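Enquirer: Sharing a structure with you now.
The values are calculated or read from the model by the stated rules, or taken from the named source; none is laboratory data. Here the structure is a predicted model, which is why all the values come from computation and not from measurement. Note that each Cβ is placed from the backbone with ideal geometry, even for glycine, and that neighbours are counted across all protein chains shown. Heavy atoms of the whole protein, side chains included, go into the accessibility calculation; ligands, DNA and RNA do not. Shrake-Rupley method; radii C 1.70, N 1.55, O 1.52, S 1.80 Å.
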Amino acid sequence: MCGIVGYIGSENSADIVYKGLEKLEYRGYDSAGIAVIKDDKIHIRRSVGKLINLQKNIKNNPISGFIGIGHTRWATHGKPSEENAHPHTDCSGKIVVVHNGIIENYIQIKQQLQKEGHKFASETDTEVIAHLIEKYYKGDLFNAVKSALKDIRGAYALSVICSDDDSRIIVARKDAPLILGVGKDENFIASDVSALLAYVRDVIFLENDDIAEIKKDSIKIFDKNGNEAKRTVQKILWDAIQAEKCGYKHFMLKEIYEQSQTIQDTFRGRISVEDNKILLETVKISKDFLNKISRICIVACGTSYHAGLVAKFMIEELTSIPAEVNIASEFRYGTPVLNGTVLTIFISQSGETADTLAALKLAKEKGATTLAICNVIGSSISREADNVLYTHCGPEIGVASTKAFTGQLTALYLLVMDFAIKKGTVSEDKLAYLIKQMWDIPIKVTECLKQSEQILEIAKTFHMKKQFIYLARNINYPIALEGALKLKEISYIYAEGYPAGEMKHGPIALIDENMPVMVIATKSKVYEKVLSNIEEAKARGAKIIAIANINNKEIIEKSDYQIFVPEVDEMFSPLINVIPLQFFSYYVSTMRGCDVDQPRNLAKSVTVE
Ligand code: G6P
C-alpha cells in the first residue's frame with residue numbers, strides 16, 4: 001500500500017518522480033504529492049484523488065529541482081484529504097518525509113511531541129516521523145533520521161529530504177519494500193522496480209533496518225548496527241514496455257491477453273518434454289525431506305489464496321502428501337501446529353503482503369521449512385523464505401490479479417510434479433503425459449482468448465445484475481471463488497463462489513429469476529454431478545451461464561448461455577477456465593463504468609495488516 005519515489009541528479013526531479021508515481025499508482029490512489037528542493041527551499045504540491053489531479057496542480061503551479069520525493073497514498077490513518085496527503089513536513093517546513101507502512105506507536109509519540117510544542121497539521125501516523133526528525137536534527141539529516149527511527153515501532157519505507165542540504169536523500173526501510181535504482185550521476189528510489197524501469201536496470205534491494213544516504217554520485221548503506229553495508233547490485237531483466245498499456249484500454253485487459261506468454265515464461269527452462277524432467281534450481285527440497293514430512297501447509301491472501309486452494313488438489317492427487325490451505329490473516333493469529341516435519345508454502349504476487357510475510361516469519365520461528373512463490377524479485381517474502389520459486393509474469397499493474405494467478409498455478413504445477421518425481425508417486429508415462437499437458441497449455445490459452453467476443457455479448461446481457469452465484473466442483477471450485485472475487489473487486493456486484501454440491505445447503509434459497517448462475521461444467525470426473533446442479537438452479541428460475549468444452553452439444557440444452565473453452569486434462573483445467581471469468585468481470589466492469597485498473601478501496605500490494 002502506498003508508493004514512494006525519489007530522484008537526485010541533473011534532471012527535473014518533479015517530472016521523474018511524477019512518472020515514477022504513475023507506475024506505482026496501483027499501490028494506492030487516494031491522494032498524491034511531490035516535494036522538491038529549489039534555491040534552498042522546499043516546494044510541495046499535493047492533491048486529493050487520482051494522480052491526474054496532482055498533474056493538473058503541478059501544471060498550474062509548476063515546481064522543479066534536482067532533488068525530489070513523491071508519494072501515492074492508500075489511506076490508513078486519516079481520511080483521503082490534502083492535509084493527510086504526503087509529503088509531510090516538520091514545524092519548520094524544512095524537513096519533508098514520504099512513508100509507506102504504519103507507525104504503530106504514533107499516538108504516544110504524537111502526544112509527547114505535542115507536549116514538547118510540535119504542531120501537527122494532519123491525522124496521519126507519518127507526520128510524527130517528520131517532527132521526530134526535527135527534534136533530533138542538529139544539522140545532520142542522516143543522524144537525525146537514525147535517532148528518530150530508534151523511537152519508532154512499526155513498518156516503514158521512508159524517504160526524507162531537508163532544505164538545508166540539497167545534496168542527499170536519506171532513506172530507510174523495515175518491513176516495507178524500498179529499492180534503489182543505480183544511475184550514472186543520478187540515483188533513484190522507489191517502492192518497486194516498475195517505477196525504475198524507464199531509467200535504470202541496476203537496482204539494490206535494501207534490507208530490513210537499512211538506512212542509506214543517496215547522493216547524485218554515491219549510495220552509502222548502513223545496517224542496523226550502524227556499519228556500512230555492501231548490498232549486491234542486481235540486474236532487472238523486466239522490459240519497460242511490460243509496464244505500459246501498449247494500446248490496450250486497461251492494464252487488466254493487457255494482462256489477460258499476456259497469459260499465454262507469461263505461463264510459457266514461467267515454465268520455460270524448467271520443464272523438458274524430450275527427457276521428461278522438471279528442473280527447479282532454486283528449490284532445495286530433497287526426496288528424503290518429502291518422504292518424511294507430515295503435511296504441506298499453504299498460506300496466502302486474495303487471489304493467491306485461490307491458487308493455493310487449487311494446489312491442494314494437485315498435491316494430494318499427485319504426491320499423496322496431505323495439504324491444507326490457510327488465509328494468512330487468520331493463520332498468523334491462530335495456533336498452527338508447525339514443526340520440522342511441515343513444508344510451508346507462501347504464495348504472493350507482490351511478495352510484500354503484510355499478513356503473508358508475518359505468517360512466513362511465524363512458520364520459520366516454529367521450525368517449519370518455508371518456500372515462497374512470488375512474482376517480484378527481491379521482495380520481502382522471496383528473501384525471507386528458505387526456498388523461492390519465481391513466476392515470470394513481469395509487472396502486474398491491474399489491481400485485480402490475472403496473469404499473476406495463472407503464473408502462480410503454473411509454478412505450483414511444476415513444483416508438485418517435481419515433488420511427485422522425487423517421491424516416486426507418478427509413473428514415467430503419467431509424468432510424460434502431465435508434462436505434455438503443461439507444455440500445450442499456452443496454445444490452449446491462446447484459443448481461449450479468442451472467445452472474448454462471445455463473452456462480451458454475454459456480459460451485455462448481465463452487466464446490470466445486482467448479484468451472482470458462481471458454482472463449480474473439485475479442482476475448479478477455487479476457480480468459482482476466483483471468478484466471484486474478480487466480479488466483486490472490479491464491478492462492485494455481490495458475487496458468491498460456492499461448491500456446486502453444497503448449494504442445496506443454503507444458497508439455493510437465494511435462487512430465482514434474478515440470480516444469474518455461472519457454472520464451470522468442463523470435462524471432469526464430476527461433470528455429471530455439475531449437470532445435476534445446473535438442473536437444480538434452472539428449476540428455480542436461474543439463468544445459467546455455463547463454461548463448457550468446445551463440442552459439448554448437450555450443454556446448449558442444459559444452459560441458457562455458453563462460453564466454450566478448449567479441452568485439457570481436468571488437473572490443468574483451472575488454468576483455462578479462469579480466463580473467461582476474468583474477461584467476464586472485465587467487460588461487466590467497463591460496461592458499468594467502473595475503474596477497472598484501480599477499483600475503489602483496493603490496492604495491489606497490501607503492506608498493512
Ligand atoms: C490484494 C490484491 C489482490 C491480491 C492480494 C494478495 O488484495 O488486490 O489482487 O491477490 O492482495 O496479494 P499478493 O501480492 O500477496 O499475491
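Enquirer: Please report how far the C-alpha centroid of the stretch 6-66 lies from that of the stretch 469-495, rounded to the nearest whole angstrom.
Expert: The stretch 6-66 and the stretch 469-495 have Cα centres separated by 38 Å.
Enquirer: Just list whichever of Lys19/Lys486; Lys284/Lys422; Lys19/Lys150; Lys119/Lys174; Lys235/Lys287; Lys94/Lys150 have alpha carbons separated by over 23 Å in the model shown. Could you put the intermediate results ahead of the total?
Expert: Values: Lys19/Lys486 28 Å; Lys284/Lys422 12 Å; Lys19/Lys150 33 Å; Lys119/Lys174 27 Å; Lys235/Lys287 33 Å; Lys94/Lys150 21 Å.
Distance filter (> 23 Å) returns Lys19/Lys486; Lys19/Lys150; Lys119/Lys174; Lys235/Lys287.
Enquirer: Separate question: Hey, if you put +1 on the Cβ of every Lys and Arg and -1 on every Asp and Glu Cβ in the chain, which of Asn12, Met417, Val36 ends up farthest toward the positive end of that dipole?
Expert: Val36
Enquirer: Right, something else. Along the positive direction of the dipole of the chain (beta-carbon charges: Lys, Arg +1; Asp, Glu -1; about the Cα centre), which of Thr590, Val526, Asn552 reaches farthest?
Expert: Thr590
Enquirer: Same structure again: Students often get this wrong: which residues of the stretch 525-554 have the backbone nitrogen under 17 Å from the point 7 angstrom along Cα-to-C-beta of Lys466?
Expert: The answer is 542-543.
Enquirer: Roll a 1.4 Å probe over the protein chains and send me the accessible area per residue for the chain in Å².
Expert: 38 Å²
Enquirer: Net charge around Arg173, counting only other residues with Cβ within less than 13 Å of its Cβ (Lys, Arg = +1; Asp, Glu = -1)? Spell out each step's value before the answer.
Expert: Details: positive: Lys174, Lys224, Arg231, Arg383; negative: Asp175, Asp192, Glu207, Asp209, Asp210, Asp223, Glu352.
Within the 13 Å Cβ shell, the charges total -3.
Enquirer: For Arg592 and Ser286 in the same chain, what is the full-extension length gain: residue separation times 0.36 nm, less their Cα-Cα distance, in nm? Show your work: numbers first, answer last.
Expert: On the way: separation 306, 0.36 × 306 = 110.16 nm, distance 5.08 nm.
Using 0.36 nm per residue and subtracting the Cα-Cα distance, I get 105.1 nm.
Enquirer: Given the Cα-Cα distance of Lys504 and Gln55 and 0.36 nm per residue of separation, how much length would full extension add, in nm? Could the numbers behind the result be given before it?
Expert: Values: separation 449, 0.36 × 449 = 161.64 nm, distance 5.31 nm.
Full-extension gain reported as 156.3 nm.
Enquirer: About its Cα centre, what dipole magnitude does the stretch 452-591 give when the only charges are +1 on Lys and Arg Cβ and -1 on Asp and Glu Cβ, stated in debye to the nearest 20? Intermediate results must be reported in sequence, preceding the final value.
Expert: On the way: 15 positive and 17 negative charges, 45 e Å.
So the dipole magnitude of the stretch 452-591 works out to roughly 220 debye.
Enquirer: Then there is this: Students often check this: by mean Cβ neighbours within 10 Å, which of 324-331, 344-351 ranks highest, and how do the rest follow? Write out the running numbers ahead of the final one.
Expert: Values: 324-331: 19.8, 344-351: 29.2.
Order by mean packing, descending: 344-351, 324-331.
Enquirer: Okay, next question. Could you sort the peptides 220-233, 577-590, 136-149 by per-residue average Cβ neighbour count (10 Å cutoff), highest mean leading?
Expert: Values: 220-233: 12.2, 577-590: 26.2, 136-149: 17.3.
Ranking, from highest mean packing down: 577-590, 136-149, 220-233.
Enquirer: Based solely on its DSSP helices, what 222 nm [θ] is calculated for the chain when runs of n ≥ 4 H residues each add -39,500 (n - 2.57) and the sum is averaged over all residues, nearest 500 deg cm²/dmol? Intermediate values should be presented prior to the final figure.
Expert: Numbers: 19 runs with 220 residues, N = 609.
My calculation for the chain gives -11000 deg cm²/dmol from helical runs alone.
Enquirer: Based on the mean of other beta carbon atoms within 10 Å per residue, what is the order of 49-61, 2-14, most packed first? Show your work: numbers first, answer last.
Expert: Numbers: 49-61: 14.7, 2-14: 25.2.
Going by the mean number of other Cβ atoms within 10 Å, highest first, we get 2-14, 49-61.
Enquirer: Hey, any idea what % of the stretch 452-591's accessible area is carbon plus sulfur with a 1.4 Å probe?
Expert: On the way: 2600 of 5150 Å².
Percent of accessible area from carbon and sulfur atoms in the stretch 452-591: 51.
Enquirer: Now for a different question. Rounded to the nearest 0.05, what FRET efficiency is calculated for Thr232 and Glu104 with R0 set to 25 Å and r the Cβ-Cβ distance?
Expert: Efficiency, rounded to the nearest 0.05: 0.25.
Enquirer: Please report, as a whole percent, how much of the solvent-accessible surface of the stretch 3-241 comes from carbon and sulfur atoms (probe radius 1.4 Å).
Expert: Numbers: 4430 of 9640 Å².
Using a 1.4 Å probe with all protein chains present, the stretch 3-241 comes out at 46 percent carbon and sulfur.
Enquirer: Sticking with this structure for a sec: Probe 1.4 Å, all protein chains in place: accessible area of Glu513 in Å², nearest 10?
Expert: Accessible area, nearest 10 Å²: 120 Å².
Enquirer: Ranked by accessible surface with a 1.4 Å probe, highest first, in what order do Cys594, Cys393 come?
Expert: Numbers: Cys594 25, Cys393 0 Å².
So, going from the largest accessible area down, we get Cys594, Cys393.
Enquirer: Treating the beta-carbon of each Lys and Arg as +1 and of each Asp and Glu as -1, no other charges, what is the dipole magnitude of the stretch 332-410 about its Cα centre, to the nearest 20 debye?
Expert: Values: 6 positive and 6 negative charges, 20 e Å.
In total the dipole reaches around 100 debye.
Enquirer: Sort Cys374, Cys301 from largest to smallest accessible area, using a 1.4 Å probe on the heavy atoms of the protein chains.
Expert: Final ranking, largest accessible area leading: Cys301, Cys374.
Enquirer: Using θ = phi - 60° and the Karplus relation 6.51 cos²θ - 1.76 cosθ + 1.60, list the HN-Hα couplings for the stretch 12-27 in order, rounded to whole Hz, with x at every Gly or Pro.
Expert: 6, 4, 4, 5, 5, 5, 4, 5, x, 4, 4, 6, 9, 4, 4, 7
Enquirer: Right, next: Using 7 Å Cα-to-Cβ label points, what is the His77/Gln437 separation (nm, one decimal)?
Expert: Going from the His77 label point to the Gln437 one covers 5.1 nm.
Enquirer: Go through the stretch 283-294 residue by residue and turn each phi into a ³J(HN,Hα) via Karplus (6.51, -1.76, 1.60, θ = phi - 60°); whole Hz please, and just put x for glycine and proline.
Expert: 9, 9, 10, 8, 4, 4, 4, 5, 6, 9, 6, 8
Enquirer: Moving to a separate point now. Given R₀ = 25 Å, FRET efficiency for Ser218-Asp40 by Cβ-Cβ distance, to 0.05? If you can, show how the numbers build up before the last one.
Expert: On the way: r = 22 Å, r/R0 = 0.86.
Computed FRET efficiency for Ser218 and Asp40: 0.70.
Enquirer: Based on Cβ point charges of +1 for Lys and Arg and -1 for Asp and Glu, what charge dipole magnitude is obtained for the stretch 53-116 about its Cα centre, in debye rounded to the nearest 20? Show your work: numbers first, answer last.
Expert: Working: 7 positive and 5 negative charges, 40 e Å.
That gives the stretch 53-116 a dipole magnitude of about 200 debye.
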